[in-house]
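The structure appears right after this line, and notes come after that.
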Amino acid sequence: MTRIEGRIVRGIAGFYYVATEHGIVECRARGKFRKDNITPLVGDIVEIQMINDSEGYILNILPRKNELTRPPVANVDQAIIVFAIVRPELNRVLLDKMIVLAESNDIEPVICINKVDLKEDREAFDLVTIYQKIGYKAVATSTVTKEGIEELKSYLKDKVSFFAGPSGVGKSSLINSIQSNIKLKTGEVSEKLLRGRHTTRSVELLSLDFGGYVLDTPGFTALTLDIAKEDLRYYFKEFLELQKGCKFSSCLHVNEPDCNVIKAVEEGLIDKNRYLSYLSLLKELKEKEKRRY
Ligand code: GDP
Ligand code: ZN
(Lines give C-alpha, C1' and ligand atoms only; values in the text may rest on other atoms or scores of the structure.)
(Ligands and ions follow the chains in the order given, each with its own letter.)
Protein backbone atom coordinates (compact mmCIF):
# COMPACT_ATOMS: atom_id res chain seq x y z
CA MET A 1 0.00 0.00 0.00
CA THR A 2 0.99 3.61 -0.51
CA ARG A 3 2.73 6.17 1.65
CA ILE A 4 0.94 9.48 2.05
CA GLU A 5 1.10 12.65 4.10
CA GLY A 6 -1.52 14.02 6.44
CA ARG A 7 -2.17 15.97 9.61
CA ILE A 8 -2.97 14.44 13.00
CA VAL A 9 -6.33 15.88 14.08
CA ARG A 10 -6.93 13.71 17.15
CA GLY A 11 -5.00 11.32 19.34
CA ILE A 12 -6.50 8.90 21.80
CA ALA A 13 -5.11 5.87 23.63
CA GLY A 14 -2.23 5.26 21.23
CA PHE A 15 -4.31 5.85 18.11
CA TYR A 16 -3.82 8.88 15.92
CA TYR A 17 -6.44 10.10 13.49
CA VAL A 18 -4.77 11.54 10.43
CA ALA A 19 -6.62 13.74 7.94
CA THR A 20 -5.42 12.83 4.44
CA GLU A 21 -6.58 13.22 0.86
CA HIS A 22 -8.30 9.84 1.36
CA GLY A 23 -10.18 10.94 4.45
CA ILE A 24 -9.40 10.16 8.10
CA VAL A 25 -6.94 7.30 8.58
CA GLU A 26 -6.60 5.57 11.95
CA CYS A 27 -2.91 5.13 12.72
CA ARG A 28 -0.57 3.70 15.27
CA ALA A 29 2.94 5.07 15.69
CA ARG A 30 5.62 2.79 14.32
CA GLY A 31 8.28 5.11 12.93
CA LYS A 32 11.95 5.57 13.69
CA PHE A 33 11.06 8.78 15.58
CA ARG A 34 10.09 6.57 18.50
CA LYS A 35 13.67 5.93 19.49
CA ASP A 36 14.27 9.73 19.49
CA ASN A 37 11.55 9.96 22.13
CA ILE A 38 9.32 12.17 20.03
CA THR A 39 5.63 11.55 20.58
CA PRO A 40 3.24 12.46 17.79
CA LEU A 41 1.13 15.51 18.65
CA VAL A 42 -2.18 16.74 17.36
CA GLY A 43 -1.28 19.17 14.58
CA ASP A 44 1.73 17.18 13.41
CA ILE A 45 2.21 16.67 9.70
CA VAL A 46 3.08 13.01 9.33
CA GLU A 47 4.04 10.54 6.68
CA ILE A 48 1.95 7.40 6.93
CA GLN A 49 2.00 3.95 5.45
CA MET A 50 -1.50 2.74 4.57
CA ILE A 51 -2.41 -0.81 5.67
CA ASN A 52 -5.86 -0.75 4.09
CA ASP A 53 -8.42 1.93 3.10
CA SER A 54 -8.86 3.35 6.59
CA GLU A 55 -5.89 2.20 8.67
CA GLY A 56 -2.19 2.82 8.61
CA TYR A 57 0.83 3.60 10.70
CA ILE A 58 2.91 6.71 11.21
CA LEU A 59 6.35 6.44 9.62
CA ASN A 60 7.67 9.90 10.14
CA ILE A 61 6.87 13.23 11.82
CA LEU A 62 7.79 16.25 9.73
CA PRO A 63 9.69 19.10 11.42
CA ARG A 64 7.46 21.23 13.65
CA LYS A 65 7.01 24.96 13.24
CA ASN A 66 6.14 25.26 16.93
CA GLU A 67 4.88 23.19 19.82
CA LEU A 68 2.60 24.12 22.70
CA THR A 69 2.37 22.14 25.92
CA ARG A 70 -0.98 23.37 27.28
CA PRO A 71 -2.82 22.21 25.29
CA PRO A 72 -0.40 19.78 23.60
CA VAL A 73 -0.48 20.71 19.94
CA ALA A 74 2.02 21.33 17.14
CA ASN A 75 2.19 23.61 14.09
CA VAL A 76 -0.23 26.29 15.18
CA ASP A 77 -0.43 29.31 12.86
CA GLN A 78 -2.67 31.65 14.78
CA ALA A 79 -4.02 32.51 18.20
CA ILE A 80 -7.42 34.17 18.20
CA ILE A 81 -7.06 36.28 21.33
CA VAL A 82 -10.59 36.85 22.59
CA PHE A 83 -11.67 39.44 25.14
CA ALA A 84 -15.15 40.72 25.86
CA ILE A 85 -15.65 44.48 25.80
CA VAL A 86 -17.67 43.99 29.02
CA ARG A 87 -18.74 41.02 31.18
CA PRO A 88 -16.03 40.27 32.11
CA GLU A 89 -14.27 43.65 32.15
CA LEU A 90 -11.53 43.90 29.54
CA ASN A 91 -7.98 43.68 30.89
CA ARG A 92 -5.60 45.46 28.51
CA VAL A 93 -2.42 44.21 30.21
CA LEU A 94 -3.56 40.62 29.86
CA LEU A 95 -4.52 41.23 26.23
CA ASP A 96 -1.08 42.65 25.43
CA LYS A 97 0.57 39.83 27.36
CA MET A 98 -1.22 37.27 25.23
CA ILE A 99 -0.03 39.03 22.09
CA VAL A 100 3.56 38.75 23.33
CA LEU A 101 3.01 35.12 24.31
CA ALA A 102 1.73 34.30 20.83
CA GLU A 103 4.49 36.09 18.96
CA SER A 104 7.22 34.63 21.16
CA ASN A 105 5.92 31.20 20.14
CA ASP A 106 5.90 32.08 16.42
CA ILE A 107 2.11 32.23 16.43
CA GLU A 108 0.34 35.12 14.72
CA PRO A 109 -2.12 36.87 17.03
CA VAL A 110 -5.57 37.92 15.85
CA ILE A 111 -7.36 40.18 18.30
CA CYS A 112 -11.07 39.56 18.72
CA ILE A 113 -13.16 41.90 20.87
CA ASN A 114 -16.41 40.06 21.54
CA LYS A 115 -19.83 40.94 23.04
CA VAL A 116 -20.01 44.26 21.16
CA ASP A 117 -23.82 43.94 21.38
CA LEU A 118 -23.53 44.78 25.09
CA LYS A 119 -21.92 48.17 24.51
CA GLU A 120 -23.64 51.11 22.88
CA ASP A 121 -20.58 53.34 22.49
CA ARG A 122 -17.69 52.88 20.04
CA GLU A 123 -15.19 51.57 22.61
CA ALA A 124 -14.77 48.11 21.07
CA PHE A 125 -14.33 49.53 17.58
CA ASP A 126 -11.84 52.16 18.79
CA LEU A 127 -9.85 49.38 20.41
CA VAL A 128 -9.89 47.36 17.21
CA THR A 129 -8.63 50.42 15.32
CA ILE A 130 -5.74 50.86 17.78
CA TYR A 131 -4.53 47.31 17.12
CA GLN A 132 -5.11 47.47 13.38
CA LYS A 133 -3.00 50.64 13.20
CA ILE A 134 -0.16 48.80 14.94
CA GLY A 135 -0.40 46.15 12.22
CA TYR A 136 -2.44 43.39 13.84
CA LYS A 137 -5.50 41.67 12.50
CA ALA A 138 -8.33 42.71 14.79
CA VAL A 139 -12.09 42.32 14.71
CA ALA A 140 -15.10 43.28 16.85
CA THR A 141 -17.65 40.48 17.14
CA SER A 142 -20.93 39.44 18.65
CA THR A 143 -22.22 35.88 18.72
CA VAL A 144 -25.67 37.37 19.38
CA THR A 145 -25.95 39.75 16.39
CA LYS A 146 -23.31 37.81 14.34
CA GLU A 147 -21.47 41.05 13.72
CA GLY A 148 -17.86 40.41 12.65
CA ILE A 149 -18.29 36.63 12.36
CA GLU A 150 -17.70 36.59 8.58
CA GLU A 151 -14.56 38.66 9.02
CA LEU A 152 -13.37 36.29 11.75
CA LYS A 153 -13.97 33.36 9.39
CA SER A 154 -11.85 35.04 6.74
CA TYR A 155 -8.94 35.08 9.20
CA LEU A 156 -9.44 31.41 10.07
CA LYS A 157 -9.51 30.24 6.46
CA ASP A 158 -6.71 27.79 5.59
CA LYS A 159 -4.93 28.31 8.93
CA VAL A 160 -4.53 26.22 12.07
CA SER A 161 -5.88 28.39 14.88
CA PHE A 162 -6.73 28.19 18.53
CA PHE A 163 -8.81 30.48 20.69
CA ALA A 164 -7.24 32.03 23.77
CA GLY A 165 -8.57 34.40 26.39
CA PRO A 166 -10.12 34.52 29.85
CA SER A 167 -13.04 32.37 30.87
CA GLY A 168 -16.50 33.67 29.96
CA VAL A 169 -15.46 35.99 27.11
CA GLY A 170 -17.23 33.84 24.50
CA LYS A 171 -14.54 31.57 23.02
CA SER A 172 -16.79 28.50 22.81
CA SER A 173 -19.69 30.58 21.52
CA LEU A 174 -17.48 32.03 18.79
CA ILE A 175 -16.24 28.60 17.71
CA ASN A 176 -19.87 27.45 17.54
CA SER A 177 -20.80 30.52 15.45
CA ILE A 178 -18.25 29.68 12.79
CA GLN A 179 -19.83 26.49 11.56
CA SER A 180 -23.18 24.83 12.24
CA ASN A 181 -21.85 21.31 12.83
CA ILE A 182 -19.54 22.43 15.63
CA LYS A 183 -21.17 22.41 19.07
CA LEU A 184 -18.96 23.11 22.05
CA LYS A 185 -20.48 23.55 25.47
CA THR A 186 -20.80 27.20 26.47
CA GLY A 187 -21.23 29.05 29.72
CA GLU A 188 -18.82 29.16 32.61
CA VAL A 189 -20.65 26.56 34.63
CA SER A 190 -20.72 23.91 31.94
CA GLU A 191 -17.06 24.61 31.17
CA LYS A 192 -16.12 23.79 34.75
CA LEU A 193 -18.28 20.68 34.76
CA LEU A 194 -16.64 19.57 31.54
CA ARG A 195 -13.19 19.96 33.01
CA GLY A 196 -14.14 18.05 36.14
CA ARG A 197 -15.74 15.18 34.35
CA HIS A 198 -13.39 14.60 31.45
CA THR A 199 -9.97 15.20 32.90
CA THR A 200 -8.32 12.94 30.31
CA ARG A 201 -10.17 14.47 27.39
CA SER A 202 -7.83 14.84 24.42
CA VAL A 203 -7.54 17.86 22.18
CA GLU A 204 -8.95 17.80 18.70
CA LEU A 205 -8.51 19.89 15.58
CA LEU A 206 -11.93 20.65 14.11
CA SER A 207 -11.93 20.80 10.34
CA LEU A 208 -13.48 23.95 8.86
CA ASP A 209 -15.59 23.46 5.75
CA PHE A 210 -14.10 26.60 4.18
CA GLY A 211 -10.55 25.35 4.84
CA GLY A 212 -8.38 25.30 7.92
CA TYR A 213 -8.60 23.92 11.44
CA VAL A 214 -9.61 25.19 14.84
CA LEU A 215 -8.48 23.59 18.08
CA ASP A 216 -11.42 22.61 20.29
CA THR A 217 -9.50 23.53 23.46
CA PRO A 218 -8.45 27.07 24.35
CA GLY A 219 -4.74 27.78 24.63
CA PHE A 220 -2.44 29.80 26.89
CA THR A 221 -3.98 28.45 30.06
CA ALA A 222 -0.54 28.78 31.63
CA LEU A 223 0.36 32.42 31.39
CA THR A 224 4.11 32.61 32.00
CA LEU A 225 6.14 34.84 29.76
CA ASP A 226 9.41 33.14 28.95
CA ILE A 227 11.49 35.93 27.47
CA ALA A 228 14.30 38.16 28.73
CA LYS A 229 13.18 41.58 29.95
CA GLU A 230 15.50 43.22 27.39
CA ASP A 231 13.60 41.47 24.62
CA LEU A 232 10.10 42.60 25.59
CA ARG A 233 10.48 45.86 23.62
CA TYR A 234 10.86 43.86 20.39
CA TYR A 235 7.39 42.34 20.89
CA PHE A 236 5.72 45.75 20.85
CA LYS A 237 5.54 46.24 17.08
CA GLU A 238 4.89 49.98 17.25
CA PHE A 239 8.14 50.50 19.22
CA LEU A 240 10.37 48.88 16.62
CA GLU A 241 11.13 51.87 14.40
CA LEU A 242 10.74 54.52 17.10
CA GLN A 243 13.14 52.96 19.61
CA LYS A 244 15.98 53.26 17.12
CA GLY A 245 15.79 56.97 17.95
CA CYS A 246 16.42 56.47 21.70
CA LYS A 247 19.71 57.92 22.99
CA PHE A 248 20.84 54.52 24.30
CA SER A 249 20.48 51.39 22.22
CA SER A 250 19.89 49.50 25.48
CA CYS A 251 17.01 51.84 26.39
CA LEU A 252 14.12 50.02 28.07
CA HIS A 253 11.94 53.14 27.83
CA VAL A 254 11.32 53.51 31.57
CA ASN A 255 13.20 56.63 32.76
CA GLU A 256 16.27 56.83 30.54
CA PRO A 257 17.19 60.26 29.14
CA ASP A 258 16.17 61.14 25.57
CA CYS A 259 13.87 58.16 25.18
CA ASN A 260 12.13 58.36 21.83
CA VAL A 261 9.42 55.88 22.87
CA ILE A 262 8.37 57.98 25.87
CA LYS A 263 8.37 61.00 23.57
CA ALA A 264 6.11 59.16 21.14
CA VAL A 265 3.71 58.26 23.97
CA GLU A 266 3.56 61.91 25.01
CA GLU A 267 2.90 62.97 21.43
CA GLY A 268 0.15 60.38 21.05
CA LEU A 269 1.99 58.33 18.40
CA ILE A 270 1.96 55.31 20.72
CA ASP A 271 -1.23 54.37 22.54
CA LYS A 272 -0.86 55.20 26.24
CA ASN A 273 -2.41 51.93 27.39
CA ARG A 274 -0.07 49.90 25.22
CA TYR A 275 2.84 51.67 26.89
CA LEU A 276 1.34 51.02 30.33
CA SER A 277 1.01 47.33 29.42
CA TYR A 278 4.65 47.34 28.38
CA LEU A 279 5.73 48.81 31.74
CA SER A 280 3.58 46.35 33.63
CA LEU A 281 4.95 43.34 31.75
CA LEU A 282 8.51 44.66 32.08
CA LYS A 283 8.01 44.85 35.85
CA GLU A 284 6.70 41.30 35.87
CA LEU A 285 9.77 40.07 33.95
CA LYS A 286 12.14 42.00 36.25
CA GLU A 287 10.56 40.43 39.32
CA LYS A 288 10.76 37.00 37.73
CA GLU A 289 14.49 37.46 37.04
CA LYS A 290 15.07 38.67 40.60
CA ARG A 291 13.43 35.55 42.01
CA ARG A 292 15.65 33.41 39.83
CA TYR A 293 18.97 34.78 41.14
P1 GDP B 1 -15.78 30.94 27.09
O2 GDP B 1 -15.62 30.62 28.55
O3 GDP B 1 -14.79 31.99 26.66
O4 GDP B 1 -15.76 29.74 26.19
O5 GDP B 1 -17.21 31.67 26.95
P6 GDP B 1 -18.61 31.05 26.48
O7 GDP B 1 -18.65 30.88 25.02
O8 GDP B 1 -18.92 29.87 27.32
O9 GDP B 1 -19.57 32.28 26.83
C10 GDP B 1 -19.74 32.78 28.16
C11 GDP B 1 -21.08 33.47 28.26
O12 GDP B 1 -21.11 34.64 27.43
C13 GDP B 1 -22.24 32.60 27.80
O14 GDP B 1 -23.32 32.83 28.64
C15 GDP B 1 -22.53 33.10 26.39
O16 GDP B 1 -23.87 32.92 26.03
C17 GDP B 1 -22.20 34.57 26.51
N18 GDP B 1 -21.76 35.18 25.22
C19 GDP B 1 -20.86 34.68 24.35
N20 GDP B 1 -20.70 35.52 23.31
C21 GDP B 1 -21.53 36.57 23.52
C22 GDP B 1 -21.80 37.78 22.77
O23 GDP B 1 -21.26 38.05 21.70
N24 GDP B 1 -22.71 38.64 23.33
C25 GDP B 1 -23.32 38.37 24.52
N26 GDP B 1 -24.20 39.28 24.97
N27 GDP B 1 -23.09 37.26 25.24
C28 GDP B 1 -22.20 36.36 24.75
ZN1 ZN C 1 13.69 54.50 24.94
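Near VAL100, once Lys and Arg are set to +1 and Asp and Glu to -1 for all other residues with Cβ below 11 Å from its Cβ, the sum equals -2.
Here the extension length gained between ASP209 and GLU67 equals 48.6 nm, from 0.36 nm per residue of separation less the Cα-Cα distance. Computed from the C-beta positions of LYS146 and ASN37 and an R0 of 30 Å, the FRET efficiency is 0.05 to the nearest 0.05. For the chain, the Cys residues with no second cysteine's beta carbon closer than 4.7 Å are CYS27, CYS112, CYS259.
With a Förster radius of 35 Å, plug the Cβ-Cβ distance of ILE227 and SER202 into 1/(1 + (r/R0)^6) and report the FRET value to the nearest 0.05. Calculated transfer efficiency: 0.75.
Per-residue 3J(HN,Hα) values for the range 137-152, derived from phi via the Karplus relation 6.51 cos²θ - 1.76 cosθ + 1.60 with θ = phi - 60°, read 6, 8, 8, 9, 10, 8, 7, 8, 8, 6, 4, x, 5, 5, 5, 4 Hz in sequence order (x marks Gly and Pro). A helix-only calculation puts the chain at -8000 deg cm²/dmol for mean residue ellipticity at 222 nm, using -39500 (n - 2.57) for each DSSP H run of at least four residues, averaged over all residues. Comparing mean-square fluctuations of SER280, SER177, SER142 from a GNM of the chain with C-alpha springs under 10 Å, the top value falls on SER280. Computed from label points 7 Å out along Cα-Cβ, the spacing between LYS153 and ASN105 is 2.7 nm. Using a probe of 1.4 angstrom and keeping all protein chains present, the accessible surface of the chain works out to 52 square angstrom per residue. Where both bridge residues fall in the chain, DSSP classifies roughly 55% of the beta bridges as antiparallel. Starting from 0.36 nm per residue, how many nanometres of slack lie between GLU26 and LYS288 once their C-alpha separation is accounted for? Computed gain between GLU26 and LYS288 is 89.9 nm.
The values are calculated or read from the model by the stated rules, or taken from the named source; none is laboratory data. Bear in mind the structure is a predicted one, so any value in this text is a computation, not a measurement. In this analysis, Cβ positions are derived from the backbone assuming ideal geometry, glycine residues included, and neighbour counts consider all displayed protein chains. For the accessible areas, the whole protein counts, side chains as well, though only heavy atoms, and no ligand, DNA or RNA atoms are used. Shrake-Rupley method; radii C 1.70, N 1.55, O 1.52, S 1.80 Å.
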